[in-house]
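Heads up, the thing below is written out as structure tokens.
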Amino acid sequence: MAQASMVFIGAGNMATSIISGLLQSGYTGPITATDPDQDKLNQLASGLDIQTTTDNNEGISGADVVILAVKPQVMKSVCQGLVEAVQQSRPLIISIAAGLESETIEQWLGGNLAVIRCMPNTPALVQTGASGLYANTRVSDDQKNLAEMVFNAVGISIWVEKEHHLHAVTATSGSGPAYFFMFMEAMQKSAESLGLSADVAAKLVGQTALGAAQMVLNSGDSAETLRKKVCSPNGTTERAIRSFEQDGLRAAVQQAMIACADRSEEMARELASGDQ
Ligand SMILES: NC(=O)C1=CN([C@@H]2O[C@H](COP(=O)(O)OP(=O)(O)OC[C@H]3O[C@@H](n4cnc5c(N)ncnc54)[C@H](OP(=O)(O)O)[C@@H]3O)[C@@H](O)[C@H]2O)C=CC1
Ligand SMILES: O=C(O)[C@@H]1CCC=N1
């Protein structure tokens, strides 16, 4: 495993997930995290072999990879504060911000830089993340391998050839965990109203989601085939599935994912024009 020196700018949820995953996967290269909040940094670093600083420029000094993990709305000012340092050392830049295009980030950092854009998701926290990656033309094969190593440490990663496909990745896996959580919330509430305790409902729903996901990934059958295998003719599942179909579940999912991808595109325009 390549042991590049990495700095995470912004020590929030996603950076914490990725750093934890990297360390658990056996990565021993130097890792630094920066954040304005010293308490947050202390909490992150307790028990972990990483460096921390509240000074972004101090953090990126000597780094091979700079992972931008701040909210999209503060990214411009963060990048502007790093221009001089990155123009001198030219590290690989990886942004995980939703919506924000690689060209915009490259411009904000002064231009002529290798930039990878990544759309990860929160299951990275438990090493079952799914990340979409896009590289601009300045990124070398070694740098691509390094980025893959970072995100494979917290799950799986896939490359997209065209940057606009990241809007679809955002609508699928970036925001996707929230859809499943919502479905699980609804199932838990219904199970409770059918008489189960909250604890039992949560356990059964969580284990069922885990089992279903593992079957989709490992059984070799499609989700459609697996669904049909649960449905006994004129049985209970068939009745439930018919009810979902009648209530328009498929159309509702499609509408929600289109709305998500549209918002991702809208954010890209707003951020590039400085409207946010
Ligand atoms: N959450 C998710 O499911 C996903 C998020 N993303 C993207 O990941 C990025 C990070 O999201 P997330 O981890 O949830 O956000 P968080 O708010 O948890 O983390 C961002 C961190 O950056 C800190 N920060 C703010 N300003 C600066 C600065 N000038 N220099 C250094 N650090 C700073 C924030 O501090 P403070 O809180 O004090 O402002 C915060 O600790 C976002 O761009 C988001 O679009 C991508 C995929 C999924
Ligand atoms: O909601 C958001 O904007 C971020 C990006 C994908 C998941 N969370």
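The values are calculated or read from the model by the stated rules, or taken from the named source; none is laboratory data. Remember, predicted model here, so these are calculated numbers, not experimental data. When we count neighbours, we look across all protein chains shown, and the Cβ atoms used for this are built from the backbone with ideal geometry, even at glycine. The area values use the complete protein model at the heavy-atom level, side chains included, leaving out ligands, DNA and RNA. Shrake-Rupley method; radii C 1.70, N 1.55, O 1.52, S 1.80 Å.
Details
- Rg/Rg_globular for the stretch 175-267, with Rg_globular taken as 2.2 N^0.38 Å and Rg from C-alpha atoms: 1.24
- Extension gain, residue 161-residue 3: 0.36 nm per intervening residue step, less the Cα-Cα distance, totals 54.2 nm.
- Computed with the Debye formula from one identical point scatterer per Cα of the stretch 1-106, without solvent, the log10 of I(q)/I(0) at q = 0.21, 0.24 Å⁻¹ comes to -1.14, -1.47.
- Average projection, convex hull of the Cα set of the stretch 68-206: 9.5 square nanometres.
- Ordered from highest to lowest accessible area with the whole protein assembly present and a 1.4 Å probe, 101, 224 read as 224, 101.
- Rounded percent of accessible protein surface that carbon and sulfur make up, the chain, 1.4 Å probe: 54
- Between helix 236-246 and the chain there is an angle of about 60 degrees, using the helix long axis and the longest principal axis of the Cα atoms.
- Label-to-label distance, nm, for residues given as residue 251 and residue 237 (7 Å Cα→Cβ offset): 2.6
- Averaged per residue, the chain has 54 square angstrom of accessible surface, using a 1.4 angstrom probe with ligands and nucleic acids left out.
- Sites residue 28 and residue 259 - FRET efficiency at Förster radius 35 Å, r taken between beta-carbons, to 0.05: 0.25
- Ranked order, 238, 161 - accessible area, probe 1.4 Å, largest first: 161, 238
- Using a probe of 1.4 Å, the accessible surface attributed to residue 32 totals some 30 Å² when neighbouring protein chains are kept in position.
- Ratio of the Cα radius of gyration of the chain to 2.2 N^0.38 Å, where N counts its residues: 1.13
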